[in-house]
Amino acid sequence: MKKTIRTLLAPIAAALMLCAGASSAATLSSNLSVDNGYVIYISTTDNAAGAAFGSANNWYGTYSDSTVLTPGVSYYLHLFAYDQGGIAGVLGDFSLTGGSHKFANGGTFMTTNTTDWTGNTTGFNGAYGALGNLGVDGVGPWGNRPNIDDSATWIWAGHAWDNDAAYFSTKITAVPEPTSIALLGLGLLGLGAARRRAAKAK
């Protein structure tokens, strides 16, 4: 009986080791063009800014930032943007590598848009609402921005000509690792087999 249990547990232990090895950090990358400047954050709560991992102040530039995400932990991607005169806007695209997280659109690539993002004019601890759509990449007065997907939409919270500060939020959800799911199934199968063998031995 002891030998049978050891035989059943051996593949489960092997799967557990495989699962531990597969747990690796994911990378979130962003490409942003903001009129005029921004600070980008990653947070585990939707009512606090979180940890900043990038910033810039140059309305005609495209800036790239990245940060590491922990497997099994869900996050909120936050962006504070500000204007220094004239029309304001945010344009960008975002990607996830590692397979452990997904954006609000269910994928590993997302652009600025009015469907998957919310925002406000008061702060990350305020109520979020719908955003204004200022047009896709290429629209005036900005023209086409380099290194940003052409499907990205210029967005802003509040009136783009009158409001000089905007706060944006979107969720990044942790997804179960395939090895974790396989391990659970293997464990249940092994447990069932052990119980059947124990019942026959009585």
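Could you give P(r) for the range 26-174, binned at 5 Å from zero, as whole percent values over all Cα-Cα pairs? Taking all Cα pairs of the range 26-174, the binned fractions are 2, 11, 21, 25, 22, 12, 5, 1, 0 percent.
Ordering Ile155, Ile172 from the fewest to the most neighbouring beta carbons within 10 Å gives Ile172, Ile155. Which of rounded, prolate, oblate describes the range 86-187, given a ≥ b ≥ c as roots of the alpha-carbon gyration tensor eigenvalues and a/c under 1.5 marking rounded, otherwise prolate only if a/b is larger than b/c? Oblate is the answer for the range 86-187, as a/c is 1.5 or above yet b/c matches or exceeds a/b.
Laboratory data are not the source of any read-out in this text; all were calculated from the coordinates shown. As the structure is a prediction and not an experimental result, all values here were calculated from the model. FYI the Cβ positions are ideal-geometry reconstructions off the backbone, even for glycines, and counts take in every protein chain you see.
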